[in-house]
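Before any comments, here is the structure.
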Amino acid sequence: MENHDIWKNLKKTRQRMQVYQILSETERPLGAADIFQMIQEREGDCGYAVSTVYRILQAFEQQGFVTKTSLPDSDTMLYEWNHGLHMHYAICLKCHKRIPLPECPFAHMEIPEKGFEVTGHKIEVYGYCGNCKES
């Protein structure tokens with residue numbers, strides 16, 4: 001997704017630019033508090049609260065710019081920039097490492113109900129990575 005496409009339907013503000021830069025440069029999902037902390041580390045006191053980051057993430061999600069997920073047994077929502085790639089992950093329950101699956105398990109799936117139109121799906125597999133399983 002090109003940078004200029006983002007601001008077509010959203011007002012371009014300093015705060016939104018900061019959240020966009022963090023998410024677009026990061027290869028793993030982040031929580032709003034993580035994003036806020038990274039902005040603070042880069043910019044110093046940014047002059048707004050973490051609640052602003054939550055509102056920005058909500059606006060980005062509504063526009064389809066980010067995908068939202070959470071870990072099992074956790075209330076923390078994680079956000080990942082939508083780079084236009086269709087990805088699924090295996091997620092370690094201990095260290096939270098996200099391992100991309102090599103292909104979509106539903107790529108060739110047929111829905112038995114005639115006329116059903118699939119508009120999207122999300123697959124996350126949970127378990128333990130090799131390092132965590134051995135420790």
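Below are the figures for this structure:
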item: Whichever residue in the stretch 119-135 is part of a loop (DSSP other than H, G, I, E, B) and open to solvent by 80 Å² or more (accessible area, probe 1.4 Å) and, among such residues, is farthest from residue 70 (Cα to Cα); result: 135
item: Close pairs from the stretch 23-40: first touching a residue at least 12 places away in the same chain (Cβ under 8 Å) and more than 22 Å from residue 88 (Cα to Cα), partner among the aromatic types (Phe, Trp, Tyr) and in a helix (DSSP H, G or I), Cβ under 6 Å, at least 6 apart; result: none
item: Hits in the stretch 14-33 (condition: more than 17 Å from residue 84 (Cα to Cα) and surrounded by fewer than 13 Cβ atoms within 10 Å (Cβ to Cβ)); result: 14, 33
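The values are calculated or read from the model by the stated rules, or taken from the named source; none is laboratory data. Bear in mind that the values here come from a model prediction, so they are computed numbers and not experimental data. Quick reminder, even Gly has a Cβ in these numbers, built from the backbone with ideal geometry, and neighbours come from all protein chains shown. We work out accessible area using only protein heavy atoms, side chains counted, and drop any ligands, DNA or RNA first. Shrake-Rupley method; radii C 1.70, N 1.55, O 1.52, S 1.80 Å.
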